[in-house]
Amino acid sequence: MTAQIISGTEIAAEIREELKAKVEELKKRGITPGLAMVRVGEDPASVSYVSGKSKASEELGIYSETIVFPEDAKEEEVLAKVEELNKDPKFHGILVQLPLPKQIDTDKILNTIDPRKDVDGFHPVNVGRLLIGEPYFMPCTPHGIQQLLVRSGNSPEGKHVVICGRSNIVGKPLMAILVQKKKGANATVTVCHTGTKNLAAITRQADILVAAMGSAKAITADMVKEGAVVIDVGVNRIPDATKKSGFRLVGDTDFDAIKEKAKAITPVPGGVGPMTVTMLMVNTVRAAEMQSA
Ligand SMILES: NC(=O)c1ccc[n+]([C@@H]2O[C@H](COP(=O)([O-])OP(=O)(O)OC[C@H]3O[C@@H](n4cnc5c(N)ncnc54)[C@H](OP(=O)(O)O)[C@@H]3O)[C@@H](O)[C@H]2O)c1
């Protein structure tokens, strides 16, 4: 069996088309969804992520602004900016690009964002609301994974989902999303981590296996049940002399071997990645709808 390749690029494009219509509806009512992004320093990955989000906003007709602080910015300056953005009705969503330099307390900054503008879904109020099944916003990567599953015809309902990784941005919120007694969820969820004994024995029980470990090709074909659906969240650089950059990106799964065994699998790149930015756009539009209701 050769697996169905679940294209995040295609599913993200489908969602963006739907969003355009929602943005049009809001504009007819005189509302332009607005997204404020705060970046501190010039970390190349952060610069690239923020510019990708800004480009996606522009394509959808969402107004966005990026506020850039120098690497040595003081915590109080960033906090004051977030407080100002909380009050600014132009912006329905606020995002602070992580990681922040070490002199700034990340939790303090995230906890200052108004939960109704917290389009990353990282504020403790949103984390708590997610767990009880009433989120204002779902964090973008796990929400994108749910959409990939549902829209590719691989609904998690009634399935055993095994998630490898328990980070606050992927593993834990994905667990909280998929365990809800809701459409597109209602799964039996197992979360694994480095404290898990005999990982392979658990991953082999998965109808849907999610790899979010940050470890190149850590999930091998023998760890996957025949006919399982595999979602690869990992983005890892491995040396590749044939590339100009000297490296290439691989996921957390051994894609080539697993695709001969799985029912469906996401590629890296082109799987989960394009969904993350798209779900940020979904949250921004939702924020504008909520704040104008
Ligand atoms: N495409 C996207 O949009 C997107 C978004 C976010 C993240 N990512 C990628 O997804 C990956 C995970 O990101 P993250 O932020 O969730 O990572 P993270 O914070 O580093 O967490 C990794 C998790 O995996 C677990 N883990 C690591 N190695 C393991 C192993 N051998 N066996 C079992 N569990 C293991 C860790 O367990 P412990 O808790 O025990 O340490 C931890 O819970 C990274 O490659 C990241 O770049 C991609």
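No value in this document is a laboratory result; all are computed from the given coordinates. The structure displayed is predicted, hence computed values, not measured ones. Virtual Cβ from ideal backbone geometry, glycine too; neighbours counted across all protein chains shown.
Quick notes on this one:
- Scanning the stretch 191-214 for residues that are under 24 Å from the mean Cα position of the chain (by Cα) and closer than 21 Å to I6 by Cβ gives T203, A206, D207, I208, L209, V210, A211, A212, M213, G214.
- Residue within the stretch 116-127 that is surrounded by 13 or more Cβ atoms within 10 Å (Cβ to Cβ), within 16 Å of the ligand (Cβ to nearest atom), in contact (Cβ under 8 Å) with a residue 60 or more places away in the chain and hydrophobic (A, V, I, L, M, F, W, C) present: yes
- In summary, N126 fulfils each of the numbered conditions (1) farther than 21 Å from K181 by Cβ; (2) out of contact with any Gly (no Cβ under 8 Å at 6 or more places or on another chain) with the single exception of condition (1).
- Selection status of L95, within 15 Å of the ligand (Cβ to nearest atom), closer than 21 Å to I15 by Cα and outside any helix (DSSP H, G or I): yes
- Residue selected from the stretch 269-293 under the condition part of a loop (DSSP other than H, G, I, E, B) and surrounded by fewer than 23 Cβ atoms within 10 Å (Cβ to Cβ), by the criterion nearest to the ligand (Cβ to nearest atom): P269
- Against the test of being among the β-branched types (V, I, T) and away from the ligand (no atom under 16 Å from the Cβ), the options V189, V179, V170, V161 yield a single qualifying residue, V179.
- Lone qualifier among G153, G144, G133 - being touching a residue at least 24 places away in the same chain (Cβ under 8 Å), outside any helix (DSSP H, G or I) and small (G, A, S): G133
- Restricting the stretch 192-224 to residues that are closer than 16 Å to P156 by Cα and out of contact with any Cys (no Cβ under 8 Å at 6 or more places or on another chain) leaves a set whose member that is farthest from the ligand (Cβ to nearest atom) is D207.
- Of everything listed in (1) of a type outside the set (K, R); (2) more than 12 Å from L280 (Cα to Cα); (3) not in a helix (DSSP H, G or I), the single unmet condition for L26 is (3).
- Output for the stretch 247-268, where each listed residue is touching a residue at least 24 places away in the same chain (Cβ under 8 Å), within 11 Å of the ligand (Cβ to nearest atom) and of a type in the set (A, V, I, L, M): V250, V268
- Checking P239 against (1) within 13 Å of the ligand (Cβ to nearest atom); (2) in contact with a Gly (Cβ under 8 Å, 6 or more places away or on another chain), the condition it does not meet: (1)
- So K244, is it over 29 Å from L95 (Cβ atoms), away from the ligand (no atom under 12 Å from the Cβ) and in contact (Cβ under 8 Å) with a residue 12 or more places away in the chain: no
- The set of residues in the stretch 234-293 that are among the aliphatic types (A, V, I, L, M), closer than 20 Å to M223 by Cβ and within 16 Å of the chain's Cα centre (by Cα) comprises V235, V268, V272.
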